[in-house]
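Novice: Input: one structure, supplied below.
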Amino acid sequence: MPIPLVNSIASWFLKKRFHQIELFLKYPNEVQQELLLNLLQFAKDTQMGKTYDFASIKDYKTFAERIPIRNYEGIEDDIERARRGEHNLFWPSPIKWFAKSSGTTRSKSKFVPVSQESLEHCHYAASKDLLCMYLNNNENSQLFTGKSLRLGGSKELYKENGTVFGDLSAILIDNMPFWAELSSTPSNKVSLMSNWEHKMQAIVNETIKENVTSLAGVPSWMLVLLNNVLETTKQISLQDVWPNLEVYFHGGVSFVPYVDQYKKILPKSNFKYYEIYNASEGFFAIQDRNNSSELLLMLDYGIFYEFIPMDVYATPQEKAIPLNEVVLNQNYAVIITTNAGLWRYKIGDTVRFTSLNPYRIKISGRTKHHINVFGEELIIENAETALKQACKQTNSEIVDFTAAPIFMKEKEKGAHEWLIEFKTPPEDLGYFNELFDNALKALNSDYEAKRQNNITLNKPKITIARPQLFHNWLKTNNKLGGQHKIPRLSNTRNYLNELLKLNK
């Protein structure tokens, strides 16, 4: 198909969709309330709908009073029944697919329901919107002259009792229309290979022959792939391999620790980075402006949002609030009700709002992945920003890291121990540590108070990880692949002690 025609078709879809986006930008709370009532009406005859009498719920207040907030353990029994082929438990249309989600925990895997509605009106709709927003902001884009290099954690799908489970990316690839594969690389056959290390080289071999115009995937794993591309082609810059490469769509983990490494291998000044916020449970937010670090919360994908302020999370005072009650710059746990039958579900992520008109957010971390042993409330966002600052001032680069507390012992004060794998280590680790510690103090007043005169916390302890340590740890635990993540912060030393043993 000629490029001008492709651009014309894209432009038509763009204008049509932007009218709908303008609706939720102008009337965000009304769109959310109507969406909630539609979800309740659609599911009123399910087992859950009858248990909580969805048919009689006419407003948010009744919904919040009647239906409990739950984590995965609270819905696991119903999920297992649905996986065995039972229908109409929590969603009226049959649930055929379940996204196996490992996250950062080493506990039993989660199986997140993926309905036909969530596939079409959430995941695929978001992919189109992402392109719409990018093209709207970059009228001279040549995106459709080439292919998108997508990197998922796609292992094969497994069938059981008439239902199918696997990585979300495998489910999306298995159900995508034929034209989507024509515009993507690598082929579905390579994307769905199960051996990650063999797959990596197969992707390199297949994609270096293509005209790649965009990249899509998790920053940590994409960086591994791109460095392999450079090694194979003996090039320094990716633009020498793919001259028409113009944008990287990224999500899954924070981009902050990796941005400088990407800019080294993608030196073109007008290269674009676009962030997305998606998970097995749904697609939530999209960067809607060039050169922005904020994400627009998408309010019409069949997901109703609630938020729990983190200062009352997991306390007797815990209470969720709807979108119209959030305030700027407060840390919130995200609660979702979705068109795949998740009702008031804790997804485990935290966000803060940077704008209320429209509703824009930044992802600040995970509800379980922070360090608060000494009242320091250290979140991932603090850690990544401080590490980036220390790296910039010492010309060093980080591959991966994790941290855990050093617990108080007799008269010895506590501290945080950081295990860091450097690509380029600092010349003076002590100076790096001092810069890092000072950056954390500047970013987090609770941390600063505990570090004041070493009142509770001693300065951080940094241990340098040997090359490939985190990769080997993931391999040992059968977690190699695009959707697996290193646990960054923990209130226990379980992960850290395992890694330190491997580091000897």
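The values are calculated or read from the model by the stated rules, or taken from the named source; none is laboratory data. Here the structure is a predicted model, which is why all the values come from computation and not from measurement. Because the Cβ atoms are built from the backbone with ideal geometry, glycine has one as well, and the counts that use them run over all protein chains shown. Quick note on the areas: whole protein, heavy atoms, side chains included, nothing else; ligands and nucleic acids left out. Shrake-Rupley method; radii C 1.70, N 1.55, O 1.52, S 1.80 Å.
Novice: Taking the stretch 146-165 only, how many residues are in contact with a helix residue (DSSP H, G or I) (Cβ under 9 Å, 6 or more places away or on another chain), outside any loop (DSSP other than H, G, I, E, B) and open to solvent by 50 Å² or more (accessible area, probe 1.4 Å)?
Specialist: Residues flagged as in contact with a helix residue (DSSP H, G or I) (Cβ under 9 Å, 6 or more places away or on another chain), outside any loop (DSSP other than H, G, I, E, B) and open to solvent by 50 Å² or more (accessible area, probe 1.4 Å) within the stretch 146-165 amount to 2.
Novice: What are the residues in the stretch 246-258 that are of a type outside the set (Gly, Ala, Ser) and open to solvent by less than 20 Å² (accessible area, probe 1.4 Å), if any?
Specialist: VAL247, TYR248, PHE249, HIS250, TYR258
Novice: Checking ASP45 against (1) among the acidic types (Asp, Glu); (2) part of a helix (DSSP H, G or I); (3) modelled with pLDDT of 95 or more, only one condition comes out false. Which one?
Specialist: Looking at each condition in turn, ASP45 falls short on (2).
Novice: Still on this model: Scan the stretch 198-241 residue by residue and report those that are polar (S, T, N, Q) and more than 19 Å from TYR273 (Cα to Cα).
Specialist: GLN201, ASN205, THR207, ASN228, THR232, THR233, GLN235 - these are the residues of the stretch 198-241 that are polar (S, T, N, Q) and more than 19 Å from TYR273 (Cα to Cα).
Novice: Next question, about the same structure. Cβ-Cβ below 8 Å, separation at least six or inter-chain, first residue in the stretch 447-458 and touching a residue at least 24 places away in the same chain (Cβ under 8 Å), second in a helix (DSSP H, G or I) and of a type in the set (S, T, N, Q): which pairs?
Specialist: Pairs found: TYR447/ASN382.
Novice: Sticking with this structure for a sec: Being more than 14 Å from the chain's Cα centre (by Cα), under 30 Å from GLU117 (Cβ atoms) and open to solvent by 30 Å² or more (accessible area, probe 1.4 Å) narrows it down to one residue among TYR273, TYR313; which is it?
Specialist: TYR313
Novice: Of the conditions (1) in contact with a Phe, Trp or Tyr (Cβ under 8 Å, 6 or more places away or on another chain); (2) surrounded by 19 or more Cβ atoms within 10 Å (Cβ to Cβ), ALA279 satisfies every one except a single condition; which number is it?
Specialist: Answer for ALA279: the failing condition is (1).
Novice: One residue is enough: does the stretch 358-369 have a residue meeting the conditions basic (Lys, Arg), without any contact (Cβ under 8 Å) to a residue 60 or more places away in the chain and surrounded by fewer than 21 Cβ atoms within 10 Å (Cβ to Cβ)?
Specialist: There is no residue in the stretch 358-369 that is basic (Lys, Arg), without any contact (Cβ under 8 Å) to a residue 60 or more places away in the chain and surrounded by fewer than 21 Cβ atoms within 10 Å (Cβ to Cβ).
Novice: Another one. Got a number for residues in the stretch 187-245 being in a strand (DSSP E or B) and either in contact with a Ser or Thr (Cβ under 7 Å, 6 or more places away or on another chain) or open to solvent by 10 Å² or more (accessible area, probe 1.4 Å) (or both)?
Specialist: Looking only at that region, the number is 5.
Novice: Continuing with this model, one more query. Quick check: anything in the stretch 91-109 in contact with an Asp or Glu (Cβ under 6 Å, 6 or more places away or on another chain) and either surrounded by 16 or more Cβ atoms within 10 Å (Cβ to Cβ) or at pLDDT 95 or above (or both)?
Specialist: no
Novice: Within the stretch 377-419, restricting attention to residues that are without any contact (Cβ under 8 Å) to a residue 24 or more places away in the chain and among the basic types (Lys, Arg), which residue is surrounded by the fewest Cβ atoms within 10 Å (Cβ to Cβ)?
Specialist: LYS411
Novice: Same structure, new question: Of the residues PHE304, PHE353, PHE374, which single one is open to solvent by less than 50 Å² (accessible area, probe 1.4 Å) and under 30 Å from ASN433 (Cα atoms)?
Specialist: Only one candidate qualifies: PHE374.
Novice: Having 1 or more residues that are at pLDDT below 95, of a type in the set (Ser, Thr, Tyr) and surrounded by 17 or more Cβ atoms within 10 Å (Cβ to Cβ) is the bar; report the helices (runs of 4 or more DSSP H) wholly within the stretch 420-504 that clear it.
Specialist: Where helices (runs of 4 or more DSSP H) fall fully within the stretch 420-504 and carry at least 1 residues being at pLDDT below 95, of a type in the set (Ser, Thr, Tyr) and surrounded by 17 or more Cβ atoms within 10 Å (Cβ to Cβ), they are 445-451, 494-502.
Novice: Another question, then. Here is a check on your reading of the model: is TRP242 touching a Gly at 6+ places or on another chain (Cβ under 6 Å) and aromatic (Phe, Trp, Tyr)?
Specialist: no
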